[in-house]
1. Please go through region 79-121 and give me each residue that is in contact with a helix residue (DSSP H, G or I) (Cβ under 6 Å, 6 or more places away or on another chain) and either surrounded by fewer than 19 Cβ atoms within 10 Å (Cβ to Cβ) or not assigned by TED's automatic domain parsing to the domain that holds Val136 (or both), ordered by number.
2. Read through the list (1) outside any strand (DSSP E or B); (2) among the hydrophobic types (A, V, I, L, M, F, W, C); (3) at pLDDT 75 or above, then give the number of the only condition that Cys119 fails.
3. Scan region 94-132 for residues that are farther than 22 Å from Ala205 by Cα and not acidic (Asp, Glu) and report the count.
4. Out of (1) within 28 Å of Gln110 (Cβ to Cβ); (2) modelled with pLDDT of 80 or more, what's the single condition that is false for Gly166?
5. Could you tell me whether any residue of region 215-232 is at pLDDT 80 or above and surrounded by fewer than 17 Cβ atoms within 10 Å (Cβ to Cβ)?
6. In region 43-77, what residues are surrounded by 12 or more Cβ atoms within 10 Å (Cβ to Cβ) and more than 17 Å from Arg5 (Cβ to Cβ)?
7. Could you tell me which numbered condition Lys7 fails, if it satisfies all but one of (1) part of a loop (DSSP other than H, G, I, E, B); (2) modelled with pLDDT of 75 or more?
Amino acid sequence: MWLNRLKMVTMNIPLRGHRDDGELDNQGPNVVAAENDGNFRHLLRYRVQGGDSLLQRLVETAPGNAKYTSKQIQNELIGTIGELIKSKTVRKVNTARVWCLIADESTDRQTRELMVVACRYVYKSEKSYVIREDPVAIFDAFQTLSGLSEDEETNTTQNFEERLDGKSLGRLLLSEITKSGLDMTKCVGQGYNKAASMSSLVNGAACEIKRKLKKIIFLAHKLLIVVSSGANVPTETIIEVFKET
């Protein structure tokens, strides 16, 4: 069960289906159920039909609270995996001498304003030093700001839109990275793209964070990536690109 979930999450394969409650009945030669009950249950059924006798015995004889096939258990285990990955990333960032805060926001299909927070740092591997950018948090900016449950927030998103300014975003970022356990004394830079609410040095999130952490400087993340990439190509190529654009 655990390995099935881990493999699917690693490959970015959705677990859930239209209806994935109830017993995991064997569908005979058909791996796909008459009603779509999700990739996870299809994979379990496929393994049983492929001769996994241990899994078949678990599905047929284990009590309901020991099968670990319900959607609630799926969500809990995925959440646990996420926390383990997050704690490992935070430990790696904290071993670096300095690190840079990177964040970006995007609206998903449910019109939620999602904020992704990442760290850029130099990690010392066994053989060399590697520049890494690893995510440490993702959250709904509106919901986190309002402090409401998801159901309550659905009808009040518009009311909080005006409050999602640079100052509010700065407070949210500081709160999330503090909760993550990151060593803020080692944070020396911050990088954002596009939106003035994030990158403005007058009233954006960058300005709000700089008020709290005096040593932090602001870098345009996209420009930094372009410059870093440009250092690895011939000068003539860069000149041609500028001429064409």
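1. Across region 79-121, the qualifying residue is only Val98.
2. (1)
3. 16
4. Single failed check for Gly166: (2).
5. No; the residues of region 215-232 include none that is at pLDDT 80 or above and surrounded by fewer than 17 Cβ atoms within 10 Å (Cβ to Cβ).
6. Listed by number, the residues that qualify are Gln49, Gln56, Glu60.
7. That leaves (1) as the condition not met.
The values are calculated or read from the model by the stated rules, or taken from the named source; none is laboratory data. The structure presented is a predicted model; accordingly, all values stated were derived computationally and were not measured. When we count neighbours, we look across all protein chains shown, and the Cβ atoms used for this are built from the backbone with ideal geometry, even at glycine.
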